[in-house]
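The values are calculated or read from the model by the stated rules, or taken from the named source; none is laboratory data. In this text, all values refer to a predicted model and were calculated from it rather than measured experimentally. Because the Cβ atoms are built from the backbone with ideal geometry, glycine has one as well, and the counts that use them run over all protein chains shown.
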Amino acid sequence: MNNLKIAKETLTLEAKAVLVQIKHLNSNFKKTVLMMKNCKGHVVVIGLGKSGLVGRKISATMSSIGIPSIFLHPSESLHGDLGVLMKDDVVVLLSYSGETEEIKKILPVIKKIGVKAIAMTGKPKAQVWQCCDAVIDCSVEKEACPYNLAPTASTTAMLAMGDALALTVSNFKKFKKEQLAILHPLGAIGKKLTMQVKDLMRKGKQNPVVKHNDTVESSLLVMTGTKVGATSVVDNEGKLIGFFTDGDLRRHLQNDDKLLKKNITLVMTKNPLVVSPETMAVEAAKILKDHSIDNIPVVSKDNKPLGVLDQGDLLREGIE
């Protein structure tokens with residue numbers, strides 16, 4: 001199929017364009033990182049057209065990982081919005097060609113205000129950039145467009161370079177995942193960073209627990225009543241000594257037609273994997289996945305079952 005061939009060529013060209021950017025991690029990139037790290041104001045990103053769309057994403061990424069940033073539209077900037085700039089800011093100008101008229105007109109004003117200016121461009125030697133404090137080369141060999149005209153590989157490369165810059169600066173600022181959680185209180189990221197097992201585990205009457213002297217049959221009744229498909233097994237002190245699942249039931253039934261009358265301790269999994277209530281939900285999800293299990297008991301410090309975590313509950317929260 002010819003369309004599929006074009007799709008493959010596009011992805012290949014854009015992937016190569018991104019890899020080429022590694023060669024551009026030079027002294028200008030390092031200088032930019034230091035300017036952004038020491039910036040006491042905002043990183044103000046300016047770009048028009050496709051570069052503007054890329055700029056919005058770069059600015060949003062920076063803000064989300066501890067680098068205060070705003071996007072400023074160049075046309076609006078020329079009609080008063082440049083008033084938002086402060087001397088402690090750092091401006092990043094995006095123009096692949098270096099020929100964007102609005103950028104050419106904005107740059108002298110930025111320098112007059114006394115703000116440091118950085119260019120991200122495919123033409124690092126363009127005359128317009130001579131007054132910049134740093135110029136990051138984002139050039140690509142060719143666009144993925146068959147006519148080598150439509151911004152495709154170049155915008156992908158610029159976006160990737162922006163991510164590389166943002167993450168490098170964030171690392172230098174020692175940005176932690178705890179801070180990321182504060183900036184992402186909702187959505188999948190927020191849940192992965194903040195949700196703990198205790199927020200999802202089934203507890204109380206929904207936490208199936210049987211005693212060591214119960215039969216498989218009576219244990220099944222408890223499991224069925226809670227609809228978990230598993231149960232914790234405890235000793236006389238209420239401490240966990242085993243875990244029994246419907247998977248265990250199916251395996252044992254194949255070889256023992258009198259299984260239901262037997263003691264639960266004969267077929268349970270001894271010393272099962274457990275998690276604490278404070279375990280991060282995303283970490284618990286990894287344990288379930290790595291060990292190909294659907295449920296796991298949640299225990300206290302003295303090894304008493306406080307609840308059970310089910311894979312379905314994790315999936316419903318988008319944690320996997």
Single unsatisfied condition, residue 277 versus (1) within 18 Å of residue 233 (Cβ to Cβ); (2) in a loop (DSSP other than H, G, I, E, B)
(1)
Does residue 210 satisfy the condition of being in a helix (DSSP H, G or I) and in contact with a Ser or Thr (Cβ under 7 Å, 6 or more places away or on another chain)?
no
Conditions (1) crowded, with 16+ Cβ neighbours inside 10 Å; (2) within 28 Å of the chain's Cα centre (by Cα) -> residue 103 fails only (2)
Check the stretch 133-150 and report whether any residue there is without any contact (Cβ under 8 Å) to a residue 60 or more places away in the chain, among the polar types (S, T, N, Q), farther than 17 Å from residue 54 by Cβ and assigned to a helix (DSSP H, G or I).
no
Among the residues of the stretch 237-260, is there at least one that is of a type in the set (D, E, K, R), exposed (fewer than 14 other Cβ atoms within 10 Å of the Cβ) and on the phi > 0 side of the Ramachandran plot?
no
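Kindly check whether there is at least one residue in the stretch 213-234 that is part of a loop (DSSP other than H, G, I, E, B) and either aliphatic (A, V, I, L, M) or free of Cβ contacts under 8 Å to residues at least 24 places away in the same chain (or both).
Of all residues in the stretch 213-234, those part of a loop (DSSP other than H, G, I, E, B) come to 213-214, 227-229.
Going one step further and asking which of them are either aliphatic (A, V, I, L, M) or free of Cβ contacts under 8 Å to residues at least 24 places away in the same chain (or both), we end up with 227-228.
Looking through the stretch 213-234, at least one residue is part of a loop (DSSP other than H, G, I, E, B) and either aliphatic (A, V, I, L, M) or free of Cβ contacts under 8 Å to residues at least 24 places away in the same chain (or both).
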First in the stretch 266-281 and among the acidic types (Asp, Glu), second anywhere and surrounded by 16 or more Cβ atoms within 10 Å (Cβ to Cβ), Cβ under 9 Å, 6 or more apart
278/196; 278/197; 278/198
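Specify which of the listed residues (19, 13) is of a type outside the set (S, T, N, Q) and surrounded by 15 or more Cβ atoms within 10 Å (Cβ to Cβ). Lay out the reasoning, then the answer.
Numbers: 19 fails: surrounded by 15 or more Cβ atoms within 10 Å (Cβ to Cβ).
The match here is 13.
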Given the condition of a type outside the set (Asp, Glu), under 24 Å from the mean Cα position of the chain (by Cα) and modelled with pLDDT of 90 or more, answer yes or no: does some residue in the stretch 266-275 qualify?
yes
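In contact with a helix residue (DSSP H, G or I) (Cβ under 7 Å, 6 or more places away or on another chain) and either polar (S, T, N, Q) or at pLDDT 95 or above (or both): which single residue out of 44, 18 fits that description? Walk me through it before giving the result.
Details: 44 fails: in contact with a helix residue (DSSP H, G or I) (Cβ under 7 Å, 6 or more places away or on another chain).
The unique qualifying residue is 18.
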Give the residues of the stretch 235-252 that are under 30 Å from residue 195 (Cβ atoms), assigned to a loop (DSSP other than H, G, I, E, B) and not basic (Lys, Arg), sorted by residue number.
238
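I'd like the residue in the stretch 157-182 that is among the aliphatic types (A, V, I, L, M) and at pLDDT below 65 and, out of all such residues, is surrounded by the most Cβ atoms within 10 Å (Cβ to Cβ). Spell out the reasoning first.
Narrowing the stretch 157-182 to residues among the aliphatic types (A, V, I, L, M): 157-161, 164-167, 169, 180-182.
Okay, now just the ones that are also at pLDDT below 65, so 180-182.
Numbers: 180: 18, 181: 16, 182: 12.
Looking at the filtered set, the residue picked out is 180.
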Is it the case, given these coordinates, that residue 255 is of a type in the set (S, T, N, Q), under 15 Å from residue 303 (Cα atoms) and not in a strand (DSSP E or B)?
no
